[in-house]
Amino acid sequence: MTTLLGWLAGLGLVAGLVMGFGVAPREVTQGNVQRIMYLHVPAVWVAYLTFTVGFAASIAYLAGRRPGADRLAHAACEVGTVFLGVNIATGAIWGKPTWGTWWTWDARLTSVAVVFVMFLAYLLLRGAIEDHERGARYGAVLSIVAALNIPLVHFSVYWWRTLHQPPSLLKPGSSTMPRVILTALLVNFAAQALLGAYFVARRARLLAAEEEALA
Amino acid sequence: MPDNWTFVAAAYALAALVFGGYWLRLGRMQRELAAARTDREAVRDDRASRSQQPSKTGHPRPEPASRPPLQP
Amino acid sequence: MTYARRALAVAWKDLVVERRSKETLNALLFFSLALLFVFQFALGPDRERLAAVLPGLLWLGFILSGVLGLGRAFLVERENDCWEALQLTPGDKSAIYLGKLAGSLVLMAVVETLVLALFVLFFNVDLGPALPGLALVIGLGTVGIAAVGTLFAAMTTQVRARELLFPVLLLPVLVPVLLGTVKATEALLLREPLAAVAHWLQLLVAADVIYLAIGLLTFDFILEG
C-alpha cells in the first residue's frame, strides 16, 4: 500500500512538473519566476492538511488511546513541518527577485513562519520525553493547541499587516486566476498531497517499528 | 521583467533536496530498524538453540553461557 | 470537596506560599526592573523612538516575566515530590488547572501593575483616560498568557531541559496574543477609543476562550498517572 502511494506520488510529481513548466504559460507581470508558485503554494496546503489530520488523530488518541492514532498524529505533524519548511524556503527564493528581498514580514510568510516554529516545538517536545505513553499524551495536547492556534495566528498577523482595515472576510478576494494556471496548481497540489500521504504512511510504519524495537 | 531562471532552478532544487533528504532519512531509519531487528532475533535464536543442545560437560543443568549473568 | 473549593484550595495554597517566601514575586519584580534598564540602554535616549516602541516594550516585559513566572508554576510540587500527589487526586483534575491559573493570574497582576507604574515613571507616559481600556487589554492578554502557560508548565515539569523547552513551546503560541495586545495598547495610548480596537479585543477574547477550554478539557490527560 505504501509503495503504491510512493509510485503514485512519483507519477504525480512528474505530472506536476509537466504542467508547471510545459503547459502553464509564462506569467505576464513576473515572467517565468512565477513558476515557483507551483511548488510554493501546494506545499502550505499539504502542510495544513496534514496538521488537520494530526489534530483529528490527536483527539482520537486522547479519546480511545489507540497507538495507531498517536503514530498517525506524530507522523502527520512531522511531515507537515517538512512541507512548511519547503514553503518558507521557496517563498524566500521567490521573494528575492520579485520583491527584492529574501524576507519580509508579509502576512502570509509571517504566519507560516510562526506555525512552523510551533510545530518544530512539537517535535522538540516529543524528542525530549522518554516515556512513550506520556509523549503520546502530551504530544496530542500540544498538537491540538497548535492546530487551533493556526487561525488565530493567521488573523492576528493579517490584521497586523493591514493596519487600520480589519477585513470582514477571511481574506480579500484574490484576483481570478486564469484557468490553465489554476489547473496546473491543482495538479501540483494533488502530486504533493500524494507525496505527503506517502511520507506519513511510511513514517507511521517506522514509528511502529521503533516502538517494537524498544519493547 | 527578466525571467530569473536561476531562482526557479534554485527553488526546485531546494525542494528536491528537502523532500529527497527526508525520503533518504526514512530509508536510513528503516534499514537501521531492520538491522536492529535481525540482531535481536539472532541473539534470541542463539540463546534458544544453545539451551536445547545436550550439555557438553555431562551436567544436567544448562550451560553457564546460556544462563543470564549473575547480578552483582 | 466541590470543584470550586478544590480550585480555590490550590490557588490559596500557592498564594500563601508565595506570600511567605515572596521568592517569585521579588525575582519577577527585579527582572522587570532590569528589563526596563536594558530597554532604555538598548534603544538610546531618543524620546520619540522610545515612545513609538513603548507598547511593544511593555508587552515584552509582561510576556518575558510571564514566561519566567509561569515556568515555575509547578516548581513547588516538583521539588516537594507532590507531583504524584497531584496525579492521584480524585475527581476532575481541571480544578487544579483552574487553581494554578488563578494563583498565577494574581501574581502576574501584581507584577504587571508595578511594571506599568514603573513604565509611567521612567518613560513619562500619560495614561489618563486610556487607563480603563488599558486595564481591559492587559487583563485579556494576561489571561491568555497564563492559560496556555499553566498548561505548558505542567507538560514540561517532568521533562529534561524544561527551562529551555517551556519558552520555546510558549512563545510561538502566544504570537496572536502579543500582536493583539500590542496593537490595542498602541491605539489606546494614542487616545483612540475602545471601539477602534474592537477586532483586537475580539481576537483576545477568542484566544482566551480557546486556550481556557483546551486547558480545562485536557488537563486531566496531562496529570494522568
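Annotations
- Exclusive hit being touching a helix residue (DSSP H, G or I) at 6+ places or on another chain (Cβ under 8 Å), surrounded by fewer than 14 Cβ atoms within 10 Å (Cβ to Cβ) and touching a residue at least 12 places away in the same chain (Cβ under 8 Å), set C:Ala11, C:Ala4, C:Ala27: C:Ala4
- Only one entry in A:Gly54, A:Gly10 is within 14 Å of chain B (Cβ to nearest Cβ) and at negative phi, namely A:Gly10.
- Given (1) touching a Gly at 6+ places or on another chain (Cβ under 9 Å); (2) in a helix (DSSP H, G or I), number of the condition C:Ala73 does not satisfy: (2)
- For A:Phe199: the one exception among (1) in a loop (DSSP other than H, G, I, E, B); (2) at pLDDT 95 or above; (3) not charged (D, E, K, R): (1)
- Subset tally (residues that are crowded, with 20+ Cβ neighbours inside 10 Å and of a type in the set (D, E, K, R)) for the range C:163-199: 1
- Flag if A:Val117 is assigned to a helix (DSSP H, G or I), at pLDDT 95 or above, at the interface with another protein chain (Cβ under 9 Å from one of its Cβ atoms) and touching a Lys or Arg at 6+ places or on another chain (Cβ under 9 Å): no
- Matching residues in the range A:118-139 - criterion: being under 13 Å from the mean Cα position of the chain (by Cα) and crowded, with 18+ Cβ neighbours inside 10 Å: A:Met118, A:Phe119
- Some residue of the range A:95-111 being under 22 Å from A:Ser156 (Cβ atoms), within 10 Å of another protein chain (Cβ to nearest Cβ), among the small types (Gly, Ala, Ser) and surrounded by 17 or more Cβ atoms within 10 Å (Cβ to Cβ): yes
- Among the conditions (1) of a type in the set (A, V, I, L, M); (2) farther than 30 Å from C:Ala154 by Cβ; (3) in contact (Cβ under 8 Å) with a residue 60 or more places away in the chain, the only one that C:Val76 does not satisfy is (2).
- Only one of the listed residues (C:Val168, C:Val106) is under 13 Å from C:Gly66 (Cα atoms), among the hydrophobic types (A, V, I, L, M, F, W, C) and either under 18 Å from the mean Cα position of the chain (by Cα) or away from chain A (no Cβ under 13 Å) (or both). That residue is C:Val106.
- Residue-level analysis places A:Gly91 outside the set of residues that are among the small types (Gly, Ala, Ser), away from chain C (no Cβ under 11 Å) and surrounded by fewer than 20 Cβ atoms within 10 Å (Cβ to Cβ).
- Some residue of the range A:42-52 being under 23 Å from B:Ala16 (Cα atoms), touching a strand residue (DSSP E or B) at 6+ places or on another chain (Cβ under 9 Å) and either modelled with pLDDT of 90 or more or in a helix (DSSP H, G or I) (or both): no
- Filtered residue count, the range C:178-225, keeping only those that are more than 8 Å from every other protein chain (Cβ to nearest Cβ), in a loop (DSSP other than H, G, I, E, B) and either on the phi > 0 side of the Ramachandran plot or touching a Lys or Arg at 6+ places or on another chain (Cβ under 8 Å) (or both): 2
- Pairs linking a residue in the range A:20-40 that is more than 8 Å from every other protein chain (Cβ to nearest Cβ) to a residue that is crowded, with 17+ Cβ neighbours inside 10 Å and basic (Lys, Arg), with Cβ atoms under 6 Å and 6 or more positions apart or on different chains, are A:Gly20/A:Arg35.
- Boolean, A:Val86 is within 9 Å of chain B (Cβ to nearest Cβ) and closer than 30 Å to C:Ile222 by Cα: no
The values are calculated or read from the model by the stated rules, or taken from the named source; none is laboratory data. Because the structure is a prediction, the values reported are computed rather than measured. Neighbour counts run over all protein chains shown; Cβ positions are idealised from the backbone, glycine included.
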